[in-house]
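Participant: Got a structure for you, written out below as structure tokens; questions coming shortly.
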């Protein structure tokens, strides 16, 4: 049985495909256990659970939360973002719903400020200004969880840049506005109080929101996790598409020593459709029994 516990959808965040298309592809790939883990959104969870049932797949509710983290031994104690995955929570938990609505509202306000910053930069370099209609178009395309990748895609469509990476390199990094802060303690309480478990996402990803992007010494990661995370997390995402060179094995060994669950997923955004590309051991599914 193939397992993929890290997939993003168009319905809830920055995936390219609708939930129905994701499940059709999951069946083609022989995936038997999966989770949709949209950014700060559970909008797709009810439909995902229903589709999993109709396809005869095992499903666990999921979400990816962006946390503002700090440690005195990293970046001089300055805060930086890390991602955490929540699994197996009640999607009707009122406290979780309220917090996610606040995060969604803040995302819209943040996008408006980024828009203003972009127009200021565009004026400086002689690029035509973005309009209110442009903002409405971006918001509609984002569905539930508006983020910078949606703006990047729009800049590509408008011909302002040639790729999403160029959009970030030329404009979006410079014009960024901080996300709404969410502490690890708060993220843990939100997920656990809703009956779920919290997992550190892709810690060994050198190009993502991860410990590896801050510190290349994986042994130091273990020290950071032991000193600042263990009381708040239940597991580690050991298998990820950008975990290479023995990273998965090292994290798995560490997770076992600490009594943590181990999960894995493709982090698929459907461009390309890489879901099910990882070999995640079947015993991983048993942790959710």
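No value in this document is a laboratory result; all are computed from the given coordinates. It should be emphasised that the depicted structure is a prediction, and the values quoted were computed from it without experimental measurement. Methodologically, a virtual Cβ is constructed for each residue, glycine included, from the backbone with ideal geometry; neighbour enumeration extends over all protein chains shown.
Participant: Note down the nm distance, to one decimal, between modelled labels 7 Å out along Cα→Cβ at residue 274 and at residue 106.
Facilitator: According to this spin-label approximation, the distance is 2.9 nm.
Participant: Moving to a separate point now. Return one quarter of the surface area of the convex hull spanned by the alpha-carbon atoms of the stretch 46-186, equal to its mean projected area, in nm².
Facilitator: Working: hull surface 45.0 nm².
Answer in nm², one decimal: 11.2.
Participant: More than 21 angstrom separation, counting every C-alpha pair in the stretch 127-212; what % is that?
Facilitator: Within the stretch 127-212, distances greater than 21 Å cover 49 percent of Cα pairs.
Participant: Return one number: the angle in degrees, 0 to 90 and rounded to the nearest 10, between the long axis of the Cα atoms of helix 132-142 and the longest principal axis of the Cα atoms of the chain.
Facilitator: Value to nearest ten degrees: 10.
Participant: Relative to the present Cα-Cα distance, how much length would full extension add between residue 287 and residue 58 at 0.36 nm per residue of separation?
Facilitator: 81.2 nm
Participant: In square nanometres, what is the average projected area of the Cα convex hull of the stretch 182-251?
Facilitator: Value for the stretch 182-251: 4.8 nm².
Participant: Let me ask something else. Need the full-extension length gain, residue 90 to residue 230, defined as separation in residues times 0.36 nm minus the C-alpha distance. One decimal, nm.
Facilitator: Values: separation 140, 0.36 × 140 = 50.40 nm, distance 2.27 nm.
Answer, rounded to one decimal: 48.1 nm.
Participant: I would also like to ask the following. In bins 5 Å wide, starting from 0, what share of all Cα pairs of the chain does each bin hold, as a percent?
Facilitator: Reading the bins upward from 0: 1, 5, 12, 16, 18, 17, 14, 9, 5, 2, 1, 0.
Participant: Right, another one. Could you give me D for the stretch 1-65, from Stokes-Einstein at 4 °C and 1.567 mPa s, where the hydrodynamic radius is the Kirkwood radius over C-alpha pairs? Units µm² s⁻¹, please.
Facilitator: On the way: Rh = 11.2 Å.
After rounding, the answer is 115 µm²/s.
Participant: Here's a follow-up. With each pseudo-label sitting 7 Å past Cα toward Cβ, what's the residue 186-residue 24 distance in nm, one decimal?
Facilitator: 4.0
Participant: Let me ask something else about it. Note the angle between two axes, namely the Cα long axis of helix 94-125 and the longest principal axis of the Cα atoms of the chain, as a number of degrees from 0 to 90, rounded to the nearest 10.
Facilitator: Between the helix axis and the principal axis of the chain, the angle is about 40 degrees.
Participant: Using only the alpha carbon atoms of the stretch 51-94, find the Kirkwood hydrodynamic radius as the inverse mean reciprocal pair distance, in angstroms to one decimal.
Facilitator: Across the stretch 51-94, the inverse of the average 1/r is 13.2 Å.
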